[in-house]
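Chemist: Sharing a structure below in structure tokens format, with a few things to ask.
Throughout, read-outs are computed from the coordinates displayed, never taken from laboratory work. Keep in mind the model is a prediction, meaning the values are calculated, not measured. Note that each Cβ is placed from the backbone with ideal geometry, even for glycine, and that neighbours are counted across all protein chains shown.
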Amino acid sequence: MNSRFLGIPDLVEVPSVAVVIDVMRAFTVAAWAFAQGAEQIVLAESLDEALALKSRHPDWAALKDGPPAPGFDMVNSPGLLRSVDLAGRTVVQKTTAGTVGALAVKDASLVLCAGFVVAEATAEVLRTRAGDSVTFVVTGEDGRADEDLACAQYIARRWAGESGTDAAEFLRRAADSRAATELAEGVRQGVHPDDVALCLELDRFAFAMVATPEDSLMVLRPLATSSPTDR
């Protein structure tokens with residue numbers, strides 16, 4: 001099996017199968033949005049597009065990185081999102097890295113968005129649908145974010161069926177990453193104290209997240225698997 005690990009700037013061709021990783025925090029947040037009842041997540045190309053979609057669909061909820069801002073309902077924090085009822089709603093998400101990475105591979109035949117919280121479910125989908133080549137898009141820090149690379153490498157090993165793969169070392173790397181430090185120290189805005197811990201909850205959810213183009217939009221939806229049940 002062939003695994004490639006690329007940053008967004010390194011995507012010079014469209015991969016067949018792409019797994020877009022953003023642990024802290026876009027795709028941890030997306031998973032929590034689905035857990036809170038969201039029906040779908042539209043990945044916006046810009047803040048302006050997110051606001052325009054919200055304007056056309058007032059019942060949709062818009063979400064962004066950083067501090068709260070006019071027109072946006074939520075910020076990109078799993079700790080803050082876990083108390084929001086999103087039953088049946090569409091969420092529009094725009095973040096600095098995660099949504100950018102997903103849109104960069106929108107023409108791939110299969111696009112999965114992932115973090116540690118859906119790692120095993122993502123690996124299960126790869127085992128059944130990916131063939132023998134997968135490109136992992138490491139979105140943070142132009143491909144250098146160790147929390148995203150660690151997650152990508154862990155999922156790659158689980159996809160390859162490597163027995164005895166211990167998640168502890170991969171989670172430790174993520175916990176020691178620059179992103180985790182900045183979140184813990186309050187360098188980043190729109191943060192809840194539990195965000196880092198929530199981003200490191202391995203296999204919290206029993207679904208993968210598949211992004212597909214629909215009517216000129218990139219739409220993310222959950223795909224239930226037989227992987228670990230919700231805790």
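Chemist: Once fully extended, how much extra length lies between R221 and D142, figured as 0.36 nm per residue of separation less the alpha-carbon to alpha-carbon distance?
Modeler: 25.9 nm
Chemist: Could you give the length gained by full extension between E13 and D107, i.e. 0.36 nm per residue of separation minus their alpha carbon distance, to one decimal place?
Modeler: Working it through step by step, the gained length comes to 32.8 nm.
Chemist: Where both partners of a DSSP beta bridge lie in region 2-222, what percent of those bridges are antiparallel, to the nearest 5?
Modeler: Antiparallel bridges: around 30 percent, rounded to the nearest 5.
Chemist: Still on this structure, I have one more. Given charges of +1 on the Cβ of Lys and Arg and -1 on the Cβ of Asp and Glu, with all other atoms neutral, how large is the dipole of the chain about its Cα centre, in debye to the nearest 20?
Modeler: The calculated dipole for the chain is roughly 260 debye.
Chemist: Please list 3J(HN,Hα) in residue order for region 122-127, calculated via the Karplus relation 6.51 cos²θ - 1.76 cosθ + 1.60 where θ = phi - 60°; whole Hz, with x for glycine and proline.
Modeler: Here the 3J(HN,Hα) series is 5, 4, 5, 4, 4, 5 Hz.
Chemist: Would you mind calculating the relative contact order of region 133-227 from Cα pairs under 8 angstrom and at least 6 residues apart, reporting the percent as a whole number?
Modeler: Relative contact order comes out at 17 percent.
Chemist: Could you please rank V84, V134, placing first whichever residue has the fewest other Cβ atoms within 10 Å of its Cβ?
Modeler: V84, V134
Chemist: Could you tell me which of rounded, prolate or oblate describes region 134-227, using a ≥ b ≥ c as the square roots of the eigenvalues of the alpha-carbon gyration tensor, with rounded for a/c under 1.5 and, failing that, prolate when a/b is larger than b/c and oblate otherwise?
Modeler: Since a/c reaches 1.5 but b/c is at least a/b, the shape of region 134-227 is classed as oblate.
Chemist: Where a Cα-Cα gap under 16 Å defines reach, which lysines qualify for K64, not counting those fewer than 8 residues away within the same chain?
Modeler: K64 reaches K54, K94.
Chemist: Give, rounded to the nearest 20 debye, the magnitude of the charge dipole that region 22-103 has about its Cα centre when Lys and Arg contribute +1 at Cβ and Asp and Glu contribute -1 at Cβ.
Modeler: 120
Chemist: For a label point 7 angstrom out from the Cα of R129 toward its Cβ, which stretches of region 15-54 have the backbone nitrogen within less than 12 Å?
Modeler: Once the point is set 7 Å along Cα→Cβ of R129, 17-19 turn out to lie under 12 Å by backbone N, inside region 15-54.
Chemist: Also, quick follow-up: Considering the zone a paramagnetic label at A69 would reach in this model (a point 7 Å from Cα along the Cα-to-Cβ line), which residues of region 176-191 have amide N under 14 Å from it?
Modeler: Once the point is set 7 Å along Cα→Cβ of A69, 189-190 turn out to lie under 14 Å by backbone N, inside region 176-191.
Chemist: Could I ask something else about it? For every helix of n ≥ 4 consecutive DSSP H residues, a contribution of -39,500 (n - 2.57) applies; sum these over the chain, divide by its total residues, and give [θ] at 222 nm rounded to the nearest 500 deg cm²/dmol.
Modeler: -9000 deg cm²/dmol
Chemist: Length gain on complete extension for the stretch D194 to R172, per 0.36 nm per residue less the alpha carbon to alpha carbon distance?
Modeler: Roughly 6.3 nm would be gained on extension.
Chemist: Taking the chain as the region of interest, what is the percent of Cα-Cα pairs per 10 angstrom bin, listed from the shortest bin to the one with the maximum distance?
Modeler: Spelled out per bin, shortest first, that is 9, 37, 39, 14, 1.
Chemist: If you take the charge dipole of region 173-219 about its Cα centre, with +1 on Lys and Arg Cβ and -1 on Asp and Glu Cβ, which of L202, V187, S216 is farthest toward its positive end?
Modeler: The residue sitting most towards the positive pole is V187.
Chemist: Expressed as a rounded percentage, what relative contact order does the chain have, with Cα pairs under 8 Å and six or more residues apart?
Modeler: 31
Chemist: Please sort by residue number the GluC sites (Glu not before Pro) in region 157-195 whose DSSP state is loop and whose Cβ has at most 12 other Cβ atoms within 10 Å.
Modeler: Passing sites in region 157-195 are E162, E185.
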